[in-house]
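Down below is the structure, laid out as structure tokens.
The values are calculated or read from the model by the stated rules, or taken from the named source; none is laboratory data. Given the structure is predicted, the values throughout are model-derived calculations rather than measurements. Note: ideal-geometry Cβ built from the backbone for every residue, glycine included; neighbour counts use all protein chains shown.
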Amino acid sequence: MQVLQAGSHKFVLLEPDLEFLTSVVRQAGFQAKLEDHSRTITLDLVAADREAPLLLFDAADPGNLGWFSRCQFYVDGQTGNVLQTPLVLGNRRDPSGRILPTAVRLQIRKELPASFRLPGRQPVTEQMLYALLYNFLSALLTTGVGVCGKGVVKPLAGRTQTAGPRN
């Protein structure tokens with residue numbers, strides 16, 4: 001981890017170990033393809049042995065209230081930002097354009113403002129990033145992640161579509 005100062009702005013530059021990230025992803029039950037960029041790491045994740053969709057649900061739907069009450073992570077549906085984390089989530093699609101129910105794309109920001117804090121006012125370090133990633137991936141498989149608002153991220157589980165008009 002490094003601290004960079006550009007004028008009056010300070011940034012924390014995370015330097016996660018890609019092999020360790022891959023290990024964390026495997027331990028959580030996913031297969032991943034990693035791409036390292038200058039400011040982000042992109043992970044294309046697949047829960048290969050899973051038949052049910054990942055537990056990414058619409059937090060606004062009253063039918064998903066049980067999921068909402070026990071989830072630990074929330075995603076801004078318009079931007080894909082996982083709230084209070086350096087993670088950005090997106091759906092993955094098959095070649096015909098349909099959303100894949102057992103796959104997501106996750107981006108980890110490596111460049112953060114020095115004032116950035118995780119819940120509980122914890123500063124971000126590589127070790128905290130590994131724990132956060134494992135907990136987030138585990139939540140996708142077991143407890144659920146809520147999507148707040150409509151936009152680019154589409155829910156995969158629970159009541160994902162509203163009922164049509166009655167005949």
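Applying the set (1) within 30 Å of K10 (Cβ to Cβ); (2) modelled with pLDDT under 90 to Q161 leaves exactly one unmet item: (1).
Which number in (1) β-branched (V, I, T); (2) part of a loop (DSSP other than H, G, I, E, B); (3) farther than 28 Å from K150 by Cα marks the one condition that T85 misses? Tallying (1) β-branched (V, I, T); (2) part of a loop (DSSP other than H, G, I, E, B); (3) farther than 28 Å from K150 by Cα, T85 fails exactly one: (3). For the condition in contact with a helix residue (DSSP H, G or I) (Cβ under 8 Å, 6 or more places away or on another chain) and buried (at least 19 other Cβ atoms within 10 Å of the Cβ), L56 qualifies.
No other residue among V153, V147 is surrounded by 15 or more Cβ atoms within 10 Å (Cβ to Cβ), in a strand (DSSP E or B), at negative phi and modelled with pLDDT under 95 apart from V147.
Matching residues to (1) in contact with a Ser or Thr (Cβ under 9 Å, 6 or more places away or on another chain); (2) at pLDDT below 90; (3) among the hydrophobic types (A, V, I, L, M, F, W, C):
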| position | (1), (2), (3) |
| --- | --- |
| S23 | no, no, no |
| E35 | yes, no, no |
| S38 | no, no, no |
| I41 | no, no, yes |
| P53 | yes, no, no |
| D58 | yes, yes, no |
| L65 | no, yes, yes |
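Inspection of the stretch 131-138 finds a residue satisfying the criterion of being surrounded by 20 or more Cβ atoms within 10 Å (Cβ to Cβ) and under 16 Å from L18 (Cα atoms). The condition of being surrounded by fewer than 16 Cβ atoms within 10 Å (Cβ to Cβ), touching a residue at least 60 places away in the same chain (Cβ under 8 Å) and assigned to a helix (DSSP H, G or I) does not hold for Q78. Keeping to the stretch 119-143, report how many residues are within 10 Å of V12 (Cβ to Cβ) and part of a loop (DSSP other than H, G, I, E, B). So the count comes out to 2.
What residue, among those in the stretch 1-32 that are in a loop (DSSP other than H, G, I, E, B) and in contact with a Leu (Cβ under 8 Å, 6 or more places away or on another chain), is surrounded by the most Cβ atoms within 10 Å (Cβ to Cβ)?
Of the residues in the stretch 1-32, the ones in a loop (DSSP other than H, G, I, E, B) are 1, 7-8, 14-17, 29-30.
Going one step further and asking which of them are in contact with a Leu (Cβ under 8 Å, 6 or more places away or on another chain), we end up with 1, 14, 16, 29-30.
Details: M1: 14, L14: 19, P16: 20, G29: 16, F30: 26.
Top of the filtered list is F30.
Residues being of a type in the set (V, I, T), over 19 Å from V46 (Cβ atoms) and either surrounded by 13 or more Cβ atoms within 10 Å (Cβ to Cβ) or at pLDDT 90 or above (or both) are entirely absent from the stretch 90-113.
When residues in the stretch 105-144 are screened for being on the phi > 0 side of the Ramachandran plot and either out of contact with any strand residue (DSSP E or B) (no Cβ under 9 Å at 6 or more places or on another chain) or among the β-branched types (V, I, T) (or both), 2 of them pass.
Can you pull out the residues in the stretch 92-118 that are small (G, A, S) and not in a loop (DSSP other than H, G, I, E, B)?
Going through the stretch 92-118, the residues small (G, A, S) turn out to be 96-97, 103, 114-115.
Across the stretch 92-118, the qualifying residue is only A103.
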